[in-house]
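Structure first, then comments.
The values are calculated or read from the model by the stated rules, or taken from the named source; none is laboratory data. Fair warning: this is a prediction, and the values are worked out from it, not measured in the lab. Neighbour counts run over all protein chains shown; Cβ positions are idealised from the backbone, glycine included.
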Amino acid sequence: MVKFSGRTLFEATAKFLLSAPTLGHCPKHRLPEVALSGRSNVGKSSLINALTRSEGKKKLALVAKTPGRTQMLNFFQVGKNVMLVDLPGYGFAKAPKDVVGAWTKLNEEYMLTRGEQLVCTVVLIDSRRGMLPIDFEWMCMLREGGVRFKIALTKADRCKEIELEAAVQACREQYEKVCGSVQRGDVVVTSSKSGDGIVALKTAIADAVNESAESTG
């Protein structure tokens, strides 16, 4: 069994694979999947680009300024190591309510039916806004469904230090409330712009991949 570090897991070339409007369109493969979820416009695409070192004109994931542009499950394959899945954002989006409702249902169905192939979900929280009730509800749903998850605070470079510290503490408290305890790598502070925390997040994801392989292997 290959054991990954954060560096080796993401050193392979990443590519966009496909967008799935329904679960039936999801690719069939044997790679471990790591999903990125969060409120609309929280920075999922930017974080994918930072994790896969896709910058400048060769951005792997397109970054939109309008909340709710990601409307399908977007799959990004990192070599033969891992599959990243960019989920539609939950919460506010500039789209009809029935459309947003369909995204939410798609997210939940994916999370609760993907099984052991989904080794971890990264729940993104905007550092400037902190955790909202909808984020807590999402984490509770993951926990009840047996889906392992971690928290990544995004856009830390846009947040004052005292505000960032408060956001981190609040996330740790809410994570502990849902999961019972907080371990190293469960709550990570990141900035896709400066690169801060990206190595730590890679390590946390690699640990989840390794632990899943050990438990199922």
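Quick look at the numbers
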{"item": "Residue match in the stretch 161-171 (condition: among the polar types (S, T, N, Q), over 15 Å from Ser37 (Cα atoms) and surrounded by fewer than 14 Cβ atoms within 10 Å (Cβ to Cβ))", "result": "yes"}
{"item": "Filtered residues of the stretch 169-192 (kept if in contact (Cβ under 8 Å) with a residue 40 or more places away in the chain and within 22 Å of Ser46 (Cα to Cα))", "result": "Cys171, Val189, Thr190, Ser192"}
{"item": "Matching residues, the stretch 28-50, being surrounded by 14 or more Cβ atoms within 10 Å (Cβ to Cβ) and part of a loop (DSSP other than H, G, I, E, B)", "result": "Leu31, Pro32, Ser40, Asn41, Val42, Gly43"}
{"item": "Members of the stretch 169-216 found to be under 17 Å from Gly146 (Cα atoms) and small (Gly, Ala, Ser), listed by number", "result": "Gly180, Ser181, Ala208, Ser212, Ala213, Ser215"}
{"item": "Residue list for the stretch 103-128, filter: outside any helix (DSSP H, G or I) and not hydrophobic (A, V, I, L, M, F, W, C)", "result": "Arg114, Thr121, Asp126, Ser127, Arg128"}
{"item": "The lone exception for Leu62 - which of (1) modelled with pLDDT of 90 or more; (2) out of contact with any Lys or Arg (no Cβ under 7 Å at 6 or more places or on another chain) it fails", "result": "(1)"}
{"item": "The stretch 129-168, residues that are within 19 Å of Ser46 (Cβ to Cβ), more than 18 Å from the chain's Cα centre (by Cα) and either acidic (Asp, Glu) or part of a loop (DSSP other than H, G, I, E, B) (or both)", "result": "Asp157, Cys159"}
{"item": "Cβ-Cβ under 7 Å pairs, at least 6 apart or on other chains, the stretch 144-168 side of a type in the set (Val, Ile, Thr), far side surrounded by fewer than 15 Cβ atoms within 10 Å (Cβ to Cβ)", "result": "none"}
{"item": "Single residue of Phe16, Phe10 found to be under 12 Å from Leu84 (Cβ atoms) and surrounded by fewer than 21 Cβ atoms within 10 Å (Cβ to Cβ)", "result": "Phe16"}
{"item": "Test for Thr190: is it of a type in the set (Val, Ile, Thr), surrounded by 14 or more Cβ atoms within 10 Å (Cβ to Cβ) and in contact with an Asp or Glu (Cβ under 8 Å, 6 or more places away or on another chain)", "result": "yes"}
{"item": "Lone qualifier among Thr216, Thr154, Thr203 - being closer than 30 Å to Arg30 by Cα, among the β-branched types (Val, Ile, Thr) and exposed (fewer than 14 other Cβ atoms within 10 Å of the Cβ)", "result": "Thr216"}
{"item": "Filter result (part of a helix (DSSP H, G or I) and over 13 Å from Leu142 (Cβ atoms)) within the stretch 173-192", "result": "Glu173, Glu176, Lys177"}
